[in-house]
Amino acid sequence: MSKFDEYSNKYKHLRMERRDGILQLTLHRDGAPVVWNFESHHETAHALGDVARDRDNRAVIITGAADVFIAEHEFSNADKIPAVDWDHVITDGKYLIMNHLDIEVPMIAAVNGPALIHSELALLCDVVLASENAVFQDLPHFTSGLVPGDGVQVIFPLLLGFNRGRYFLLTGEKIPADEARRLGLVGEVLPRVELLPRAWEIARQIVEKPPLTVRYARQVLTRELKRLMLDNLSLGLALEGLAAGEFFTADKKN
């Protein structure tokens, strides 16, 4: 089992604080909004594994730094990714989703701004709160030349409906916070200054319940999500990697 003191300062892209069993994870880069790259991808995947193995966590809040959830990345089609390195990406991609779902206490997303990259990290949570400036998009996949195969192909058709979800993934549609609430992606939209206090308020309500009720509620509420990811995630990542071989060498062919 993991112990908070052993992992809380282990990851440079995640700031962790815990009070009364409530763990807050803040994605960042040197205190500023995180810029997504292979390092932050790897760290977040494994940090979620540590969180999942720590039974002293009774509720988890995930948010971003300043006024951004995740909005920028450092991937480029000018770089070729060797197959052996893509294999590591696939492994981390599976860990990122499955370690998230293996956390056996309720999770609250405080989406504090644009969630353009890996917005599924928020949408897989049990409670999703969004600030008024939040917007949801799948920026790094199809509209950037990559197969949407790392879990977004599961979560968006599930939440938006099959046709609207495919439209969203293939067109690069941006969904602002108020529309996201109408569509059922988020539960509440708040001014940004009220976002984290509301997340902590809900978390405190959760941890007041009996510990096993809290843990088992999360398990029953994520069972179907786990099944869908187990059925679709590995294939999706493999196809994304297969197509990426063409994408990441395209510039060098021209």
Residue match in region 42-57 (condition: part of a loop (DSSP other than H, G, I, E, B), open to solvent by 10 Å² or more (accessible area, probe 1.4 Å) and closer than 29 Å to residue 189 by Cβ): no
Condition check for residue 132: of a type in the set (Asp, Glu), within 30 Å of residue 191 (Cβ to Cβ) and more than 14 Å from the chain's Cα centre (by Cα): yes
For residue 31: the one exception among (1) open to solvent by 10 Å² or more (accessible area, probe 1.4 Å); (2) touching a residue at least 40 places away in the same chain (Cβ under 8 Å): (2)
Listing of helices (runs of 4 or more DSSP H) fully contained in region 141-254 that carry 2 or more residues being more than 20 Å from residue 112 (Cα to Cα) and at pLDDT 95 or above: 152-160, 162-171, 192-207, 211-247
Among the candidates 198, 215, residue that is of a type outside the set (Asp, Glu) and open to solvent by less than 30 Å² (accessible area, probe 1.4 Å): 215
Residue selected from region 103-125 under the condition assigned to a loop (DSSP other than H, G, I, E, B) and without any contact (Cβ under 8 Å) to a residue 60 or more places away in the chain, by the criterion nearest to residue 69 (Cα to Cα): 114
Residues satisfying the stated conditions in region 179-193, i.e. under 10 Å from residue 135 (Cβ atoms) and among the acidic types (Asp, Glu): 179
Within region 11-28, tally of residues that are open to solvent by 30 Å² or more (accessible area, probe 1.4 Å) and in contact with a strand residue (DSSP E or B) (Cβ under 7 Å, 6 or more places away or on another chain): 2
Count of region 58-80 residues which are over 13 Å from the mean Cα position of the chain (by Cα) and open to solvent by 10 Å² or more (accessible area, probe 1.4 Å): 13
Test: residue 184 is open to solvent by 10 Å² or more (accessible area, probe 1.4 Å), in contact (Cβ under 8 Å) with a residue 40 or more places away in the chain and more than 14 Å from the chain's Cα centre (by Cα): no
Index of the failed condition, residue 227 passing every other in (1) under 22 Å from residue 53 (Cα atoms); (2) touching a residue at least 24 places away in the same chain (Cβ under 8 Å); (3) among the charged types (D, E, K, R): (2)
Total residues in region 116-151, condition touching an Asp or Glu at 6+ places or on another chain (Cβ under 7 Å) and acidic (Asp, Glu): 1
Near pairs, Cβ below 6 angstrom, 6+ apart or cross-chain, from region 136-164 (free of Cβ contacts under 8 Å to residues at least 40 places away in the same chain) to any residue that is charged (D, E, K, R) and surrounded by fewer than 21 Cβ atoms within 10 Å (Cβ to Cβ): 137/174
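The values are calculated or read from the model by the stated rules, or taken from the named source; none is laboratory data. Since we're looking at a predicted model, the values are computed, not measured. FYI the Cβ positions are ideal-geometry reconstructions off the backbone, even for glycines, and counts take in every protein chain you see. In case anyone asks, the SASA skips ligands and DNA or RNA and just uses the protein heavy atoms, side chains included. Shrake-Rupley method; radii C 1.70, N 1.55, O 1.52, S 1.80 Å.
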